[in-house]
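One structure is given here, and the rest of the page talks about it.
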Amino acid sequence: NASHLETLSTNLRKEVFLMNDKIIKPGCPGGVRDLLPEQAAQRRDLINRVIGVYELFGFVPLETSMLEREEVLTGGDPDFSGNIFRIKDPSKNRDPLALRFDLTVPLARVVAQYPELPKPFKRWQMGRVFRGEKPQAGRYREFAQLDADTVGTSSLLADVEIINMIYLVMRELKIANFMIRVNTRQILNALPYYAGFDPAKITSVLRILDKLDKIGLDGVKDELATKPLNEWDESPGLSADVVGKLVEFIGIRGDNDEIQAQLGELMGGVSEAAQGFRELKDIVRGVEAAGVDPQRWTLDLSVARGLGYYTGPVFETMLTDLPTFGSVFSGGRFDGLVSRFSKQSIPATGASVGVDRLFTAMEQLGLLDDSAVVRPQVVVIFPDEELRFEAVKAAAELRQIGLRTELYMGTETSIGGQIGYAASRGAQFVVIVGLQEFAAGQVAIKNLVTRQQDAVDRNFMCAKLMASGILVLD
């Protein structure tokens, strides 16, 4: 019958699979990576430190799905050029789905979807995002972002707070050499009127200016002057005179007062830049009032932030010991993004830590905290198998008083071998549940740092360890 035939077919497939005896080669796809326990603990420590600073500023947690409707991510633009991972949904009756490429677009969707959220709404979010990009050093196709954004206020104080927050995060991570670079899109958006090119080309021009650190000044000049090959080519094809004016603009240098003065001489007559001048002035006053070290932040007119949704101040944080590594903490004001999902215009500003990029950088600089690796404080061993449940009981009691306790479960039967395992795990103490000690109503406690070993009444095992000064978890 049909059921019998189906069973035979299933068994045949299993036999063919076993005959092939195929061993699948383990390995990650390009652009993703595993973190083994030591790295995972250090990464968690980095994340917790950043969140601690975020919450110091009053940000609250938010979680959204990694899956979004494709229309949400693309804005419904049929010419959307971002490299997103689309999901093959077996149900053809549903909206196409894709994996989020950042946490900002989902935030805008949430704010529009839940109008009851109080404003300003200050949220932090940790989450994995996905981009179909070519893998590079410090740049992955799957990576984590850790964002903090303020939604619902147009006050530049929110931008000032973001800059101050970035500064304190870097200090908390014990990163000494960094530079927070600040600009505003209000100045950048006035460039067509200063330099004399078609405002429709501003997006492609800003994307090129944003690559200054990667391709150098000559590369920027070449790309600005490159003529489009066809109607789909976004190369701006600017004249030598226009390119010269843009190079003069991004070449402005000095302290913050000098930069504002030079910018005034260059663009003071451009009415479209007036709002930008006011923003830079207020940002300088606000960041100085916050007490941010002037050696750790600067106005930098070359900072463009290529994403088109930025509307005001933009920020990038560079590691001066890794000048070619790129920004590890960036963001800006995006007042128009929520309007993609709502008729209501809601201002917003924020910044994001590229967790995996920053982790890689700190790894290279030797700045990760080795003490973040979680190790047992105590390992309970039992050389005699018949006492294994007594060992289970001892371990349970130690955990109840807040000690990280590991129960030995290896194949080594000698006391020396089991103690050696405890030492390899980084434990400070070993509790030995042996036949001799058990018969006397005791356990042996060995301090692996001082190598001192004491026989202790079983009822006082916990008290003895606590009296040793070992740190008890809250």
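The values are calculated or read from the model by the stated rules, or taken from the named source; none is laboratory data. Worth saying up front: this structure is predicted, and the values here are computed from it rather than measured. With ideal geometry, Cβ positions are generated from the backbone for all residues, glycine too; neighbour counts draw on all protein chains shown. Each accessible area value is taken on the protein alone, full model and side chains, heavy atoms only, with ligands, DNA and RNA left out. Shrake-Rupley method; radii C 1.70, N 1.55, O 1.52, S 1.80 Å.
With the whole protein complex present, TYR114 retains an accessible surface near 90 Å², based on a 1.4 Å probe.
Only one of (1) 29.6, 94; (2) 21.5, 65; (3) 22.7, 73 was calculated from the structure for Rg and Dmax of the Cα atoms in Å, and its label is (1). Per residue, segment 275-344 exposes 41 Å² of solvent-accessible protein surface, assessed with a 1.4 angstrom probe and all protein chains in place. So how tilted is helix 355-365 from the main axis of the chain? Cα-based, degrees 0 to 90, rounded to 10. Relative to the chain, helix 355-365 is tipped by roughly 80 degrees. The Rg/Rh ratio for segment 244-369 is 1.00, where Rg is the radius of gyration of the alpha carbons and Rh is the Kirkwood radius.
Rounded, prolate or oblate: pick one for segment 391-474, where a ≥ b ≥ c are the square roots of the eigenvalues of its C-alpha gyration tensor, a/c under 1.5 means rounded, and failing that, prolate if a/b is larger than b/c, else oblate. Rounded is the answer for segment 391-474, as its axis ratio a/c remains below 1.5. With every protein chain in place and a 1.4 angstrom probe, the accessible-area ranking of TRP297, TRP232, TRP124, largest first, reads TRP232, TRP124, TRP297. Calculated mean residue ellipticity, 222 nm, the chain: -11500 deg cm²/dmol, from DSSP H runs (n ≥ 4) at -39500 (n - 2.57) each, averaged per residue and rounded to 500.
Using the structure shown, select from LYS134/LYS214; LYS134/LYS343; LYS211/LYS245 the pairs with a Cα to Cα distance greater than 25 angstrom. With Cα atoms farther than 25 Å apart: LYS134/LYS343. Rounded to the nearest 10 degrees, the angle from helix 156-172 to the longest Cα principal axis of the chain is 40 degrees. Ligands, DNA and RNA left out, the 1.4 Å accessible surface of the chain is 52% carbon and sulfur atoms. Counting only alpha carbon atoms, the long axis of helix 2-20 and the longest principal axis of the chain meet at about 90°.
When only the Cβ of Lys, Arg, Asp and Glu is charged (+1, +1, -1, -1), the dipole of the chain relative to its Cα centre reaches about 680 debye. Heavy-atom accessible area, probed at 1.4 angstrom with all protein chains present, ranks VAL32, VAL72 as VAL32, VAL72, highest first. State the answer as a single residue: which of VAL392, LEU368, VAL355 lies farthest towards the positive end of the charge dipole of segment 347-401, with beta carbon charges of +1 for Lys and Arg and -1 for Asp and Glu, about the Cα centre. Among VAL392, LEU368, VAL355, the one farthest towards the positive end of the dipole of segment 347-401 is VAL355. Packing, as the average of other Cβ atoms within 10 Å across residues, places the peptides 252-260, 373-381, 44-52 in the order 373-381, 44-52, 252-260, highest first. Relative contact order for the chain: 15 percent, from Cα pairs under 8 Å spaced at least 6 residues apart, divided by residue count.
Accessible area per residue for segment 384-474 is 59 Å², calculated with a 1.4 Å probe on protein heavy atoms, without ligands, DNA or RNA. In the context of the full set of protein chains, segment 71-171 has a per residue accessible area of 49 Å² (1.4 Å probe). In this label model, ASN177 and ASP255 are separated by 2.3 nm, measuring between points 7 Å along each Cα→Cβ vector.
For MET126, MET461, the ranking by accessible surface with the largest value first comes to MET126, MET461, using a 1.4 Å probe.
Magnitude of the charge dipole for segment 395-470, about its Cα centre and with charges confined to Cβ atoms of Lys, Arg (+1) and Asp, Glu (-1), is about 180 debye. Sorting 415-421, 355-361 by their mean Cβ neighbour count within 10 Å, with the most densely packed peptide first, gives 355-361, 415-421. Evaluate E = 1/(1 + (r/R0)^6) for PHE57 and TYR114, where r is the Cβ-Cβ distance and R0 equals 22 Å; express this FRET efficiency to the nearest 0.05. E between PHE57 and TYR114, to the nearest 0.05, is 0.50. Extension gain, THR411-ASP89: 0.36 nm per intervening residue step, less the Cα-Cα distance, totals 111.2 nm.
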